[in-house]
Structure formats: C-alpha cells, structure tokens
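Data first, discussion second: the structure below is written as structure tokens.
The values are calculated or read from the model by the stated rules, or taken from the named source; none is laboratory data. Predicted model only: the values in this text are computed from it and were never measured. Counting neighbours? That spans all protein chains shown, and the Cβs are built from the backbone with ideal geometry, glycine included.
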Amino acid sequence: MSGARLLARLDELARIGPIDGGGSCRLALSDADRDGRDLVVTWMRDLGLDVVVDAVGNVVGTWSVGRGQPVMTGSHIDTVRTGGRYDGNLGVLAGIEVIETLMQAGLTPPRPLAVAFFTNEEGARFQPDMLGSLVYVGGMSVEEALDAPAIDGPRLGDELERIGYAGSHPCPSAAPHAFVELHIEQGPRLEADDKRFGTVTGVQGISWQEVAITGQSNHAGTTPMSLRHDPALVAGRIVVFLRDLATRYGGDQVCTVGKIDLVPNLVNVVPRSATLTLDVRNTDESTLRRAETEITDFLAQVAADEGVTISTRRLARFEPVVFDNRVVDLIETVIDERGHSNMRLPSGAGHDAQMLARVCPSAMIFTQSHLGISHNPAEFTDPADLVEGTDILLDVMWKLAHTEFSAHAHEPAIGKP
Ligand code: GLV
Ligand code: MN
Ligand code: MN
C-alpha cells in the first residue's frame with residue numbers, strides 16, 4: 001500500500017474548491033464538484049477501471065476480474081460549503097488505493113472490486129442527503145431526483161447536464177455482493193475513548209424539514225411591541241425549543257437549526273418572513289417520531305401565540321439503519337488482527353453505506369476525528385490513521401470477496417443501531 005500516494009491524492013483533491021483553513025467547497029454539481037469528479041475519474045481510468053456514470057451522476061469504477069457481483073466501496077466527493085479534507089474523499093480515494101495496491105501486488109480477487117462516488121451525499125445543495133445512493137438502490141425515482149431544486153435555484157438534472165455528468169446507465173443498479181465504506185468518524189467518541197478505529201453498527205435516523213414563517217413586515221421604530229407579528233422572534237423561539245427538547249430527551253437526541261433566511265433582512269425592518277431548516281436525529285425511531293410530533297405541536301402553538309402563519313416542507317427522512325452483523329463482525333476481526341484498539345458505535349452522520357445496506361450486506365469503518373470536528377476546514381485525522389484505515393479496508397474487501405452470503409440472509413436494515 002502506498003500511503004504517500006493516498007495522502008498526495010487527498011491533498012490534490014482538497015485543492016479543488018479551496019477555502020481558507022485548508023478545506024474545500026465542492027457543493028454538489030457545482031463547477032468545483034465537476035473538477036473534482038474529472039480528477040477522480042482520471043485516476044480511475046489510469047488504473048484501467050471500467051468507469052460508468054449513471055442517470056443521477058453516480059460514478060462507479062470497476063476492476064472487472066473474477067465472477068459475480070462486485071465487492072463495492074466508496075463514498076462521496078461533494079462537500080458542504082465549509083468542507084474538510086477527509087469527509088467522503090477518504091472513502092473514495094482509499095478505494096482506489098486498495099485496487100491499485102492489489103493490482104501492483106499481482107493479487108486478483110475472485111470477484112470484481114468496485115469503487116464509487118455518489119451524487120449529493122451531503123444534501124447541502126439539493127435535498128435529500130444521500131440522494132445519489134438512494135436512487136442507486138431504488139429508494140427514489142430518477143425523475144424525482146432530477147427534479148430536486150438546488151438551494152440556489154437550478155434543477156439537479158439541469159446541473160448534471162451542465163457539468164457533463166448526466167450519464168446513461170439506468171438506476172436502480174444491480175446490488176453489489178457487499179458494500180463497505182471507510183470514513184472519518186466526524187465525532188469525538190473514538191478519540192475520547194482512546195480507540196484507534198471504529199466498527200460502525202449503523203446510522204441514526206435523520207429528520208430534515210424546512211419551516212417557512214410569514215408575519216407582518218413593519219417599521220422597526222414605530223411599531224409597538226404589542227402589535228408585532230415577527231417571524232424572526234418565532235424563528236428564535238423555535239431554535240430555543242429545539243435545544244430544550246434535546247436537553248430534555250438526552251441520550252442520542254440532537255437538534256440543529258443550520259440555516260435561517262430573513263426577508264427583507266434589514267436593520268430597521270421587522271421581517272416579513274423567516275425560513276429555517278430543522279435537522280433532528282436520534283438512533284431510536286420511536287423517540288425521533290416523538291420529537292417530530294412535539295415540534296409539530298410547538299409550531300402550531302407559536303404560530304397562534306405570535307399571529308404568524310407557518311408552513312413546513314419535508315427535506316429528508318430516513319429511519320435508523322442497522323448494518324449487517326456479518327460485515328460488522330468481519331471488520332472487527334480485521335481491526336483486531338491488525339492489532340488495533342476498536343470500538344463499536346453508531347454513526348451520527350448520514351452515509352451512502354446506509355442506502356447500500358438496503359440491498360446488500362454493508363457496514364463501515366471509522367477513523368478518529370481530532371476533537372470530533374467536521375464540516376469545518378479544521379477537520380483532521382492523523383495521516384497514519386488514514387493509511388492504516390485503508391489497509392483495514394483492503395483486508396475487509398479481500399475477505400468479503402472470498403465470503404459467500406446466503407441468499408436469504410439479507411434482512412431489511414431498519415432498527416436501532
Ligand atoms: C451528512 O454529512 C450529514 O450527516 O449531514
Ligand atoms: Mn461524508
Ligand atoms: Mn458530510
């Protein structure tokens with residue numbers, strides 16, 4: 001394995017869409033995303049992989065050896081606006097490194113190996129998140145995906161055409177033999193527990209909605225407080241309500257308002273409208289549903305209290321996912337065999353592996369994230385962990401290629417991770 005080659009590629013990709021602090025901004029289907037895609041496709045082609053682009057722009061590079069369906073790895077190369085260097089990129093470039101290493105060593109697996117990058121994993125520019133992998137497994141129609149509007153206006157389908165990634169391969173695709181994704185943890189748990197790697201048992205449930213509040217725009221100096229119908233106040237009350245809800249629930253409950261837009265957004269005008277996003281997650285589906293019900297009731301109450309109207313729009317909703325025990329056990333065995341400390345944990349972030357889990361045995365490997373910082377250019381993982389994590393991925397893919405899964409044993413992967 002060439003750690004130097006892997007790290008050099010991570011650096012080269014990070015320099016596309018550079019932002020202050022050493023991170024990247026490659027919002028899905030932007031010019032920077034196109035340039036990143038072109039670079040990764042070049043690396044795939046240089047290796048002699050068969051590169052296929054599907055109808056929603058997912059790209060799969062396959063080393064077509066052996067027989068049967070491929071063992072697939074991969075992740076995404078789109079980023080949030082303040083992306084770090086590793087989120088997604090590691091899983092894709094590690095997959096290329098695994099294949100290149102095996103080729104150079106003259107080791108041929110008994111079935112194909114594939115490395116993929118999926119469209120719009122982040123969900124920052126188009127919703128839902130994990131859109132490409134969701135369509136890949138048949139969880140959303142191509143037509144619906146192509147119609148998804150960007151936060152800056154254009155349709156996903158038009159942006160795919162514009163950047164040259166509207167492929168012809170149909171979706172859904174045939175299920176791989178198995179899927180494994182290497183990713184940084186993006187949270188603090190491994191580092192805090194002094195465990196070098198994580199075996200990911202599943203992914204928590206995700207509920208995203210957009211809340212649009214309409215009130216009465218008016219003069220900031222002349223309008224008595226008692227006569228106001230102020231969307232900014234209501235937005236603030238929602239933010240505080242969500243924090244209180246997460247505190248009351250405790251455990252794995254997290255709530256975030258990451259985006260608020262006021263109109264007209266001026267110092268001396270009571271706003272006419274506020275639009276905000278709610279990101280609510282829990283590993284337990286029934287608790288997540290209870291949170292959603294409480295939020296709905298609160299929105300009705302606050303609208304009545306403040307004399308505003310509130311409408312909501314669903315952006316994403318995914319139940320918690322449990323990964324396949326056989327792949328989870330295999331990952332744990334490999335980490336153990338390689339002499340590293342390991343922890344089983346659920347993922348707080350969404351991942352393409354949670355979609356692939358619908359159609360084939362799937363799981364993930366986590367590396368530590370320094371201080372748990374992610375979606376931030378300060379995201380950092382020790383280079384030695386990036387390289388060793390890729391070696392673990394290689395061993396896991398090799399073993400998966402030699403593992404036959406009984407046909408009936410792939411259960412729907414819903415539950416509490
Ligand atoms: C994707 O990165 C998410 O979990 O928001
Ligand atoms: Mn990611
Ligand atoms: Mn991310």
- What is the residue count in region 171-190 for residues that are in contact with an Asp or Glu (Cβ under 7 Å, 6 or more places away or on another chain) and either in a strand (DSSP E or B) or more than 16 Å from ligand 1 (Cβ to nearest atom) (or both)? 4
- Of the numbered conditions (1) part of a loop (DSSP other than H, G, I, E, B); (2) in contact (Cβ under 8 Å) with a residue 24 or more places away in the chain, Met140 fails exactly one; give the number of that condition. (2)
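Can Val56 be described as in contact with a Ser or Thr (Cβ under 9 Å, 6 or more places away or on another chain) and part of a loop (DSSP other than H, G, I, E, B)?
yes
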- Message: Please count how many residues of region 8-43 are surrounded by 15 or more Cβ atoms within 10 Å (Cβ to Cβ) and under 19 Å from Val387 (Cα atoms).
- Response: 6
- Message: With the structure loaded, tell me whether Gly61 is in contact (Cβ under 8 Å) with a residue 60 or more places away in the chain and either assigned by TED's automatic domain parsing to the domain that holds Ala166 or touching a Pro at 6+ places or on another chain (Cβ under 7 Å) (or both) or whether it fails that test.
- Response: no
- Message: Could you tell me how many of the residues in region 61-100 are away from ligand 2 (no atom under 16 Å from the Cβ) and in a helix (DSSP H, G or I)?
- Response: 5
- Message: Restricting to region 307-337, name every residue that is surrounded by fewer than 18 Cβ atoms within 10 Å (Cβ to Cβ) and closer than 30 Å to Leu227 by Cβ.
- Response: Gly307, Thr309, Ser311, Thr312, Arg313
- Message: Conditions first: (1) under 20 Å from Asp324 (Cα atoms); (2) out of contact with any Phe, Trp or Tyr (no Cβ under 8 Å at 6 or more places or on another chain); (3) polar (S, T, N, Q). Thr390 passes all but one, so which condition is the exception?
- Response: (1)
- Query: So, of the residues in region 342-380 that are within 14 Å of ligand 3 (Cβ to nearest atom) and among the hydroxyl-bearing types (Ser, Thr, Tyr), which turns out to be nearest to Ser207 (Cα to Cα)?
  - Reply: Ser347
- Test Thr201 against the stated conditions and say whether it is within 30 Å of Gln354 (Cβ to Cβ) and among the hydroxyl-bearing types (Ser, Thr, Tyr). yes
- Taking region 128-137 and the residues there that are surrounded by 24 or more Cβ atoms within 10 Å (Cβ to Cβ) and in a loop (DSSP other than H, G, I, E, B), the one that is nearest to ligand 3 (Cβ to nearest atom) would be Asp129
- Message: Please pick out the residue among Phe405, Phe323 that is modelled with pLDDT under 95, closer than 26 Å to Val137 by Cα and among the aromatic types (Phe, Trp, Tyr).
- Response: Phe405
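Quick grid of which residues meet (1) more than 10 Å from ligand 3 (Cβ to nearest atom); (2) in contact with a strand residue (DSSP E or B) (Cβ under 9 Å, 6 or more places away or on another chain):
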site: Val80; (1), (2): no, no
site: Gly83; (1), (2): no, yes
site: Ala94; (1), (2): yes, yes
site: Leu102; (1), (2): yes, yes
site: Ala105; (1), (2): yes, no
site: Ala114; (1), (2): yes, yes
site: Glu121; (1), (2): no, yes
site: Phe126; (1), (2): yes, yes
- Query: Could you say which residue among Gly153, Gly123 is more than 25 Å from Gly74 (Cβ to Cβ) and part of a loop (DSSP other than H, G, I, E, B)?
  - Reply: Gly153
- Check Asp244, Asp252 and return the single one that is in a loop (DSSP other than H, G, I, E, B) and farther than 30 Å from Leu113 by Cβ. Asp252
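Every residue, every condition in (1) within 16 Å of ligand 1 (Cβ to nearest atom); (2) closer than 13 Å to Phe118 by Cα; (3) touching a strand residue (DSSP E or B) at 6+ places or on another chain (Cβ under 8 Å); (4) not assigned by TED's automatic domain parsing to the domain that holds Gly132, yes or no:
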position: Val56; (1), (2), (3), (4): no, yes, no, no
position: Val65; (1), (2), (3), (4): no, no, yes, no
position: Gly68; (1), (2), (3), (4): no, no, no, no
position: Thr73; (1), (2), (3), (4): no, yes, yes, no
position: Glu97; (1), (2), (3), (4): no, no, no, no
